[in-house]
Amino acid sequence: MSQGDPAGSSSPAGERSTLSADYQRDWPQYFDAVAGKPPRDTLTGALDAFERDHAAGPAKALPLAVDLGCGDGRDSRAILARENPTWRVLALDSHPEAIRRCVTLCSPEHAARLAAAQLAMEAVATNPTTAALARARGVLLVNASFALPFCTPEGFEGLWAWVCGALRPGGRFCGQFFGERDEWACVRPKSHRTRAQVLALLDGFTLERFDEVQREGDDATGKPKWHHVFHVVARRG
């Protein structure tokens, strides 16, 4: 459930990221590889938009952000560091090492506003705590940086319905979808989508950013990979 993102440069010839349909990422190795990296720009773009929304004054209550596939918490920490509005964060990941790092690396001054739980994306729609958030439309931001493609196809529909249901009007989704030409599309189980399918998922949202990127590059651990990624910031109507 944790995230993988491009390193941003082309790679010399070598072992490719995707060798077979049963390829499995070593998540602790990934956490080590991305340690110290800044938050994703889809998240910072969404947070900047919220700051513009709240330019007239501070929010009356602490809004809630849910960080799906939080990994070591680099995005969660960026959310907690913002001041207008000041956020609470629910950080979710299926890997216990991700949750350990997310909690450990959180600044003491922000720790009271962070809740972190080990939870697979496929279980978010049915877990009592997160299901209650959807019933109450209690979330202002859902961040899923390079996470959604790692949801199983069988669980994706329920997860996306939860995202749409949990976001209150004016709330935002930010994150990535992998396209059908992404090299990891051969790895199962994973969820990849065409441009038309991604746009259909975003029906009912105002697109504030929608970038489709296809390029040769590296994965986070330095192995060559062809990337087909949609970068999204979308506001719920």
Members of region 117-148 found to be touching an Asp or Glu at 6+ places or on another chain (Cβ under 8 Å) and over 25 Å from PRO189 (Cβ atoms), listed by number:
none
Give ALA21, ALA33, ALA81 a once-over and let me know the one that is at pLDDT below 95 and under 18 Å from the mean Cα position of the chain (by Cα).
ALA33
Could you tell me whether any residue of region 129-138 is among the aliphatic types (A, V, I, L, M) and within 19 Å of VAL233 (Cα to Cα)?
no
Which one of ASP48, ASP72 is closer than 13 Å to ALA98 by Cβ and at pLDDT 90 or above?
ASP72
For GLY71, the lone unmet condition from (1) under 30 Å from VAL187 (Cβ atoms); (2) of a type outside the set (A, V, I, L, M, F, W, C); (3) not in a loop (DSSP other than H, G, I, E, B) is (3)
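Looking at region 165-178 only, could you name the residues that are surrounded by fewer than 21 Cβ atoms within 10 Å (Cβ to Cβ) and either hydroxyl-bearing (Ser, Thr, Tyr) or touching a helix residue (DSSP H, G or I) at 6+ places or on another chain (Cβ under 8 Å) (or both)?
GLY165, GLY170
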Is it the case that region 185-208 has a residue that's over 16 Å from the mean Cα position of the chain (by Cα), assigned to a helix (DSSP H, G or I) and within 23 Å of GLY71 (Cβ to Cβ)?
yes
Any hit, region 197-220, residues being in contact with a Leu (Cβ under 8 Å, 6 or more places away or on another chain), surrounded by 14 or more Cβ atoms within 10 Å (Cβ to Cβ) and at pLDDT below 95
no
Would you call GLN176 at pLDDT 95 or above and closer than 26 Å to HIS95 by Cα?
yes
Report, by residue number, each residue of region 124-153 that is in contact (Cβ under 8 Å) with a residue 12 or more places away in the chain and of a type in the set (Gly, Ala, Ser).
ALA125, ALA131, ALA134, GLY138, ALA144, SER145, ALA147
Which count do you get for residues in region 164-184 that are in contact (Cβ under 8 Å) with a residue 40 or more places away in the chain and not in a strand (DSSP E or B)?
7
Being among the hydroxyl-bearing types (Ser, Thr, Tyr), surrounded by 15 or more Cβ atoms within 10 Å (Cβ to Cβ) and free of Cβ contacts under 8 Å to residues at least 60 places away in the same chain, is that true of even one residue in region 85-106?
yes
With the condition kept exactly as written, say whether any residue in region 135-146 is part of a loop (DSSP other than H, G, I, E, B), out of contact with any Leu (no Cβ under 8 Å at 6 or more places or on another chain) and not polar (S, T, N, Q).
yes
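The values are calculated or read from the model by the stated rules, or taken from the named source; none is laboratory data. Bear in mind the structure is a predicted one, so any value in this text is a computation, not a measurement. Here the Cβ is made from the backbone with ideal geometry for all residues, glycine too, and neighbour counts use every protein chain on show.
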